[in-house]
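Colleague: Below are the structure tokens for one structure; questions will follow.
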Amino acid sequence: MERDTVDDIEAWDNAASIYAAMIGGANDSFWRRFEPFLRQWLPDSGGSVLDLGCGHGWLAADLASKGFEVEGVDGSQELVERARRDFPDLRLGVRDLVEGLGTDWVGPYDVVVSHMVLMDLPRIDRVLADVTERLALGGTFVATMLHPAFFNQAPIYEGDRHRRVTGYLREEEWWIESFGGHRHYHRPFAWYVRALRAAGMALVDLDEPRTLPVVPKPEYEWSADEEWFSTIPTMLSFAAKRCG
């Protein structure tokens, strides 16, 4: 199938089996980097959580196992059906997030978590506005994305190792081959900060975690290349709260 005939949701439906086999769980490098940051923003004694872009449900299930009341929503029918089969006790639904949350996810939520989703949506204004509206008093929107400064910027190993960063400030649409292929919408991080502000939220925390080895290992066992690679973040996490 040609790339320009595949819309975003269809691409993720096509990628569902590969994606579900590769992403989630204790060995997921992105989750190992995100989990300590997320833990800081979760209530101490349970609470309500919306998993925005829940995919095949692994994160929603993890949070539910820790005592949170969790709901999940994703645009991919294939991924949500997998989640429903694996986690039948969770409330999970299908919704094109570009169109916002609609009337089925009303909250209020103590936390809305969105793990590796926002950069795959062509528009996020409506869904961010809905997140703001559905946050409980004092609630937090916690999200991750591939680092817009360094993702898809090639490591250079000749001479002093570095990443070659080009075109960072240009908003671009990229076709990424991972999981069978999907679109990635590159925007500089300032774009996201302005989008949060337009939706009525303000950034309150930001984390750029070290890149971890694909296979978990003690830090003293890292190779020289893994040590160097870890100094340039390939993802970021942020927390935002409703203004006023």
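Colleague: For the condition surrounded by fewer than 22 Cβ atoms within 10 Å (Cβ to Cβ), in contact (Cβ under 8 Å) with a residue 40 or more places away in the chain and in contact with an Asp or Glu (Cβ under 8 Å, 6 or more places away or on another chain), what is the one hit in 37, 30? Break it down stepwise before answering.
Modeller: Values: 30 fails: in contact with an Asp or Glu (Cβ under 8 Å, 6 or more places away or on another chain).
Among 37, 30, only 37 is surrounded by fewer than 22 Cβ atoms within 10 Å (Cβ to Cβ), in contact (Cβ under 8 Å) with a residue 40 or more places away in the chain and in contact with an Asp or Glu (Cβ under 8 Å, 6 or more places away or on another chain).
Colleague: Just the residues that are farther than 27 Å from residue 131 by Cα, touching a residue at least 12 places away in the same chain (Cβ under 8 Å), of a type in the set (Phe, Trp, Tyr) and outside any strand (DSSP E or B), please, taken from segment 151-196.
Modeller: Selection gives 168, 179.
Colleague: Being under 15 Å from the mean Cα position of the chain (by Cα) and part of a loop (DSSP other than H, G, I, E, B) narrows it down to one of 209, 213, so name that one. Write out each step before concluding.
Modeller: Details: 213 fails: under 15 Å from the mean Cα position of the chain (by Cα).
Residue meeting the stated conditions: 209.
Colleague: It is to be established whether one or more residues within segment 168-179 are among the charged types (D, E, K, R), touching a helix residue (DSSP H, G or I) at 6+ places or on another chain (Cβ under 9 Å) and at pLDDT 95 or above.
Modeller: The answer is yes, given that some residue of segment 168-179 is among the charged types (D, E, K, R), touching a helix residue (DSSP H, G or I) at 6+ places or on another chain (Cβ under 9 Å) and at pLDDT 95 or above.
Colleague: Here is a follow-up. Among the residues in segment 198-207, are any in contact with a Phe, Trp or Tyr (Cβ under 6 Å, 6 or more places away or on another chain) and under 17 Å from residue 117 (Cα atoms)?
Modeller: So far as segment 198-207 goes, yes, one or more of its residues are in contact with a Phe, Trp or Tyr (Cβ under 6 Å, 6 or more places away or on another chain) and under 17 Å from residue 117 (Cα atoms).
Colleague: I've got another one for you. Could you list all residues from segment 148-171 that are surrounded by 12 or more Cβ atoms within 10 Å (Cβ to Cβ) and closer than 20 Å to residue 8 by Cα?
Modeller: Across segment 148-171, the qualifying residues are 148, 151, 152.
Colleague: Collect the residues in segment 135-150 that are not aliphatic (A, V, I, L, M) and not in a loop (DSSP other than H, G, I, E, B), keeping them in residue-number order.
Modeller: Just the residues of segment 135-150 that are not aliphatic (A, V, I, L, M), to begin with: 138-141, 144, 147-148, 150.
Hits for segment 135-150 are 138, 139, 140, 141, 144.
Colleague: Considering each residue of segment 220-242, count those that are over 27 Å from residue 42 (Cα atoms) and charged (D, E, K, R), and give that number.
Modeller: 4
Colleague: Taking the condition of being closer than 18 Å to residue 43 by Cα, buried (at least 21 other Cβ atoms within 10 Å of the Cβ) and charged (D, E, K, R), how many residues in segment 58-87 meet it?
Modeller: 1
Colleague: Follow-up question, since we're still on this one. For segment 88-137, give me each residue that is small (Gly, Ala, Ser) and surrounded by 20 or more Cβ atoms within 10 Å (Cβ to Cβ). Break it down stepwise before answering.
Modeller: Let us first name the residues in segment 88-137 that are small (Gly, Ala, Ser), namely 93, 100, 102, 107, 114, 129, 136.
114 - this is the single residue of segment 88-137 that is small (Gly, Ala, Ser) and surrounded by 20 or more Cβ atoms within 10 Å (Cβ to Cβ).
Colleague: Please specify each residue of segment 172-197 satisfying the condition of being surrounded by 14 or more Cβ atoms within 10 Å (Cβ to Cβ) and either touching a Cys at 6+ places or on another chain (Cβ under 7 Å) or within 27 Å of residue 13 (Cβ to Cβ) (or both).
Modeller: Matches in segment 172-197: 176, 179, 180, 181, 182, 183, 184, 185, 186, 187, 192, 195.
Colleague: Does at least one position in segment 217-239 carry a residue that is of a type in the set (Ser, Thr, Tyr), surrounded by 15 or more Cβ atoms within 10 Å (Cβ to Cβ), touching a His at 6+ places or on another chain (Cβ under 6 Å) and touching a residue at least 24 places away in the same chain (Cβ under 8 Å)?
Modeller: Yes, the conditions are met somewhere in segment 217-239.
The values are calculated or read from the model by the stated rules, or taken from the named source; none is laboratory data. A quick note: this is a predicted structure, and the numbers were derived from the prediction, not measured. Here Cβ is always computed from backbone atoms with ideal geometry, including for glycine, and neighbour counts include all displayed protein chains.
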